[in-house]
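To start, the structure under review is shown below, and the notes come after it.
Since every read-out is calculated from the coordinates, none of them should be taken as a lab result. Bear in mind that the values here come from a model prediction, so they are computed numbers and not experimental data. All Cβ positions, glycine included, derive from the backbone under ideal geometry; neighbour counts span all protein chains shown.
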Amino acid sequence: MVQEGIAASGSFIFMEIIGFVFFLLVFVVIGLLSARKPAGAATGAGATAEAVGTDGTSQGAEYLLAGQDVSPVLTALSAAATKYSGYMFIGLIGYIYTYGLSAIWLVFGFFFGDVIAYSFVHKKLRQAAGETGALSFAELLAKWHGGDYKRLRAVVGILTLVFLTTYAAAQFSSGGKALHVLFSWHEYAGAVIAAGLILVYCFAGGLKASIWTDAAQSILMMAAMLMLLVAAIIGAGGMADFAGKLDAVSPDYLSLGTERFGGVGALALFAFGWLFNGIGVTGQPQVMVRFMALDHTENTRKTGIYYFLWSGTFLAATFVVGLATRLYITGGAGFDAELALPTLAGVLLPSLAVGVVIGGVFAAAMSTTDSQVLSCAAVLSEDFKLGAGVGAKRFATLGVTLAALAIGVFASSNVFTLVIFAWSALACTIGPLVIIHALGRRPKEWVALSVMAVGLTVALMWRQLGLTSITYEGLPGIAAALGTYLILSRFSKK
């Protein structure tokens, strides 16, 4: 059935490419148009009109932080598209294809952990961004409570460069896989196309162009996933037949995972651990910088409503589509589960609609990658001061994009593994420090560095020892980091 579906779509390959290219051009046009919008100065409580780059002008703030004048709707859509990246279409769908209903614990963790973090972090972070005038995430952490921790700023900058570049590489890989399975292009072709488009609009408008295109990309991502959801249910004969056929896939496909993990207690530990993946958003510069760019601190709550409405809908649709892949794709021993979604699109949808879905996968990958590239460019230009002016920031953007592209083309690991690894490392190092600051604490620099070191060490050891089957490494990593702070903060006072 899979082979027939893909072969049939091959006869309409031209229409698929037309639909795909159309949306890519839309993104580029939106990004270029954003550069023509006059720079806005953020006003109101919690905003700053004095944020400047290393060039001593407001151009730095405009390129790296969109002038801190981004509306709640744009902030919410951009942050959501950035967080729910290409790995949702490629990596998470592949995981659901493999493990069935028990994958729901990951989805719950993504969403509700994010809700927990949002309840006490994001407003404080936007307020601190306004007070410090910071243009990079590392600078914000170094100056959050009025100090200027230069060693901390350098360490956070290095972590951002290493792990966000790896993360961006995974996004390039996800786009390449989608084009490979449907258009039979080499996997590096999609990565090169994505890199080129990102450079075009990021050069033109910096973070503002990234946010504007993210908003458009979030709409396409949602449309693509809902289109597949409807097609899968209709193709199965309606909701009742859809559920019945899922139940017949295998004896444990609709199991919550009690047997898979060896009991209720083990399952609860696994599920609880994935809450820390959601909480770990606090350590992701590419997401948090969106909230730094929000126009007013008071708009944080409104932004959260939009953000979680979109996120909840998208996650629910993604999960059901992931389950549906097993109804239409038999797959063999050599089938790559991360190709399940583009394969499903080729089976279920007409050619032009397949182009829309692939555009959605690309949109997801690009909306995250451009954010990561700009966060790394901010580190190079602002934290390491490798050059002044917008030209230097653009050069840094080029360098980071090429590095991520090289990793994405030559790395052998799958998308899901790359993303989870990079996300975990940032969640367990930067995340605990953001939480500590948001709670009003003021750690000394050596305490902050110790917290980060412990979090990263525990997370890496947990993964290296193969304990991720017990629980996600974010749980022991973040817990160890926060525990270290509690101990060292008392010791430092004495």
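Observations
- Extension gain (nm, one decimal) between LEU398 and VAL21, 0.36 nm per residue minus Cα-Cα: 133.4 nm
- Exposure proxy order (Cβ contacts within 10 Å, fewest to most) of THR132, THR282: THR132, THR282
- Under 12 Å, Cβ to Cβ, from THR160 - net charge with Lys/Arg +1 and Asp/Glu -1: -2
- Cα-projected label distance for LEU486 with VAL29, points at 7 Å along beta-carbon direction, nm: 5.6
- The stretch 362-494: C-alpha gyration tensor shape, a/c 1.5 cut-off, then a/b vs b/c: oblate
- Rounded, prolate or oblate (a/c below 1.5 giving rounded, otherwise prolate when a/b exceeds b/c) for the stretch 185-334 by Cα gyration tensor: prolate
- Additional length obtainable on full extension of the chain from ALA223 to LYS245, 0.36 nm per residue less Cα span: 5.4 nm
- Were the residues from SER255 through ALA479 laid out at 0.36 nm apart, the gain over their Cα-Cα distance would be 77.7 nm.
- Shown here is the pair-distance distribution of the stretch 2-412: with all Cα-Cα distances grouped in 20 Å bins from zero up to the longest one, the shares run 28, 56, 16, 0 percent.
- Selection among GLY31, ALA81, VAL156 by position relative to the dipole of the chain gives VAL156 as farthest towards the positive end (Cβ unit charges, Cα centre).
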